[in-house]
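Report on one structure; see the data block that follows.
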Amino acid sequence: MRIKKFIANTMKEGREMIEQELGKEAIILSSRNAKLPSGGAVIELVAALDDKTVNTQPKANIYQNSSMLSSSKETIANEINTKLISEITSLKSMVMQVADNVKYRHTGTMTETMARVYKILRNSDISEEFALEITGRIAIKGYANDYKQAIDEARQIIMNRLTFANPIKQSPARQIAMFYGPTGCGKTTSLIKLALVCKLLYKANILIVSADTYKVGGIEQLQTLASISGIAFTAVYNPQDLRDVVKNETAYDMIMIDTVGQNPNNRENMDILHDYAKAAAPDLRMLVLSATTSESALLNTIDKFQPFGINSTIVTKVDESSGMGNITSAMVQRKIPMAYFSTGQKIPEDLELADSDKLNEYLLIV
């Protein structure tokens, strides 16, 4: 005896399913109305067939002929998906709320205006410590409820803590400029921009020297850019080569040296860079930093390169950054002057002098 349960929309459909599955000899043992999880009504049938009379014809798939079952499965799947999406969205919202509570946890004790200014500072990547100092000084000045005065005062406090280096100037004596920076900071492009500016502005006779023999295509890239710009170029492969170039190439007004982009945490590579620096004895030591780098990474980079006697910085990728708070906080803490901003890939148009007015354009996301 074979006994099997069937679910159908109607009794007629149920009988047809039983005949197709068990054959015409099958008998219905019971039937009852039932409800699906989605709320729909169906008929549940229990049928039986004596094994001796089983039809040997291929059995049909009962689900192929039940539009109700197919529809109900799809409905259940959609309900599950909708619920999952709702739960994920809710979870994301909770995570964002927790992150905001951590990031802005000090705003609970501030006036509405001060809380607004504090959020602007933090969203612009100003460090928590510096943002608290700024809002505290604004409150002391009596601007805790005046947004315009408060945001203007915030900008002024930041500018008063920063220093800006003078641009490269024409000199009767030959100048040697050496460019330092971590991998991918935009050092090579910044060098060629500055070289072209000096050539056009001062009619200077410039020699570009590449000591970047580690990066694949590094020398070729700089050589091509120098050739297009009509600037003399040479490559060196060790500190002695560089020492010879500095000693013998006396006809140039300026020698600009591109060093290999280094991981500042690699002691061996930094030692090699020190050897190049001793060989060149540069007058200008420029550190190239990306505006898209986190404050902690910037501070680490500055600390590792400061032993080279860095006297100015070029901030690159300014156009790609979301505010300049990270750079500003790092510069305030390490007291290193900014000389230039690189705001794009155009040579030399996208190189600007760094000053308070220009920084104000990029500093805060208001």
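Can you give the accessible area per residue of the stretch 230-366, in Å², using a 1.4 Å probe?
Accessible surface, normalised per residue, equals 43 Å².
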At R0 = 56 Å, how high is the FRET efficiency between N145 and I76 if r is their beta carbon distance? Nearest 0.05 is fine. 0.50
Rounded to whole Å and sorted largest first, list the principal axis extents of the Cα atoms in the stretch 141-204. 54, 32, 18
For the chain, what D do you get in µm² per second when you plug the Kirkwood radius from alpha-carbon pairs into Stokes-Einstein at 4 °C and 1.567 mPa s? 49 µm²/s
For the stretch 140-290, the percent of accessible surface on carbon and sulfur atoms (probe 1.4 angstrom, ligands and nucleic acids excluded) is 49 percent
If R0 is 51 Å, what FRET efficiency do you get for I228 and N360 from their C-beta distance, rounded to 0.05? 0.90
Which of the listed residues, N166, L359, M338, is farthest toward the dipole's positive end in the chain, when Lys, Arg count +1 and Asp, Glu count -1 at the beta-carbon? L359
Which pairs, out of K317/K358; K203/K358; K119/K148; K304/K346; K199/K317, put more than 18 Å between their alpha-carbon atoms? K203/K358; K304/K346; K199/K317
Between Y202 and T183, the two model label points (7 Å from Cα along the beta-carbon direction) sit apart by a distance in nm of 3.4 nm
Sequence gap at least 6, Cα distance under 8 Å: using those rules, report the relative contact order of the stretch 223-366 to the nearest whole percent. 17 percent
Under 1.5 on a/c is rounded, so check that first for the stretch 278-363, then, if it is not, pick prolate when a/b is larger than b/c and oblate when it is not; a ≥ b ≥ c are the square roots of the alpha carbon gyration tensor eigenvalues. oblate
So for each of 80-86, 359-365 I average, over its residues, the number of other beta carbons within 10 Å; can you give me the resulting order with the highest mean first? 359-365, 80-86
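The values are calculated or read from the model by the stated rules, or taken from the named source; none is laboratory data. This one's a predicted model, so the numbers in the text were calculated from it and none came from an experiment. For neighbour counting, all protein chains shown are included, and Cβ atoms are generated from backbone atoms with ideal geometry for every residue, glycine included. Side chains are part of the model used for accessible areas, which takes the heavy atoms of the whole protein and leaves out ligands, DNA and RNA. Shrake-Rupley method; radii C 1.70, N 1.55, O 1.52, S 1.80 Å.
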